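Working notes for the structure below.
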Amino acid sequence: MTSPRADFRSGVRVALPILLGIVPFGMVAGVAAVNAGIPAVEAVAMSVVIFAGASQLAAAELVGRNAPAVVVVFTVLVINLRMMMYSASIAPYFQRESARWKGALAYLLTDQAYAVSLLRFENDEDVSRRWYYLGVASALWVTWQLATVVGIVLGASVPDSWRLEFAVPLVFLAVLVPAVTDRATGIAALVGGSVGVAANGLPFNLGLITAAVVGIAAGLLAEEVA
């Protein structure tokens, strides 16, 4: 069994590729808060308290439109409902932790921390789950907060090319790459990505659905042939 310190460092290392997408995403969130008229100190506080990119962007947009506070809070809660599913899925791995630790780990839960940590937990029973998760999640948290602050400070000077449409896919690509561990998953990713690009023009986001179905089918077929 490895030491907690080694597992923490391992978590940080695994998170490093994801940080490349987190930085522009966080800057976009910071810029959005400033453009919505939220004071810098309050924008930083919002980032620390919410710590959820999509929710922060939605909140900033609603604040900019002078929406009632109850609408802002309700919207953030709805967007973050998926965290309940993540929590239910990953909770068994932390059932021996104290309530205090569970609270801290829950606060740090994100799409990326969940995906990366669960992948490791399912394949390595000897890993110190608390410390590995903390390594991943704390690296994401620190980078997100710093990137958000930079976005708040720079404001509108952030390049237009660093839009949300660019930042979000980059984050999830960084999560996907470590999951490609064999021929079948590699083929699934390659075929799915190719179909997604080719079918990008289909209406109603059908290109995304088509790419997912074809990619999964290609991966299953490759697994059967092997």
Considering only A67, A198, A33, give the residue with the highest GNM mean-square fluctuation for the chain, with springs between Cα atoms whenever their separation is below 10 Å.
A198
Residue of L190, L57, L176 that the Gaussian network model of the chain assigns the largest fluctuation, springs spanning Cα pairs under 10 Å
L190
Length gained when the stretch Q95-T2 is fully extended (0.36 nm per residue, less Cα-Cα span)
31.5 nm
Among A199, A69, A40, which one shows the highest mean-square fluctuation when the chain is modelled as a Gaussian network with alpha-carbon springs under 10 Å?
A199
Mean Cβ count within 10 Å, highest first, over the residues of peptides 147-155, 210-218
147-155, 210-218
Stretched fully, the stretch from V213 through D182 gains (0.36 nm per residue minus C-alpha distance, one decimal, in nm) 9.3 nm
What value, in deg cm²/dmol to 500, does the helix sum -39500 (n - 2.57) over DSSP H runs of n ≥ 4 give at 222 nm once divided by the residues of the chain?
-25500 deg cm²/dmol
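Bear in mind that the values in this text are calculations on the coordinates, not laboratory data. The structure displayed is predicted, hence computed values, not measured ones. FYI the Cβ positions are ideal-geometry reconstructions off the backbone, even for glycines, and counts take in every protein chain you see.
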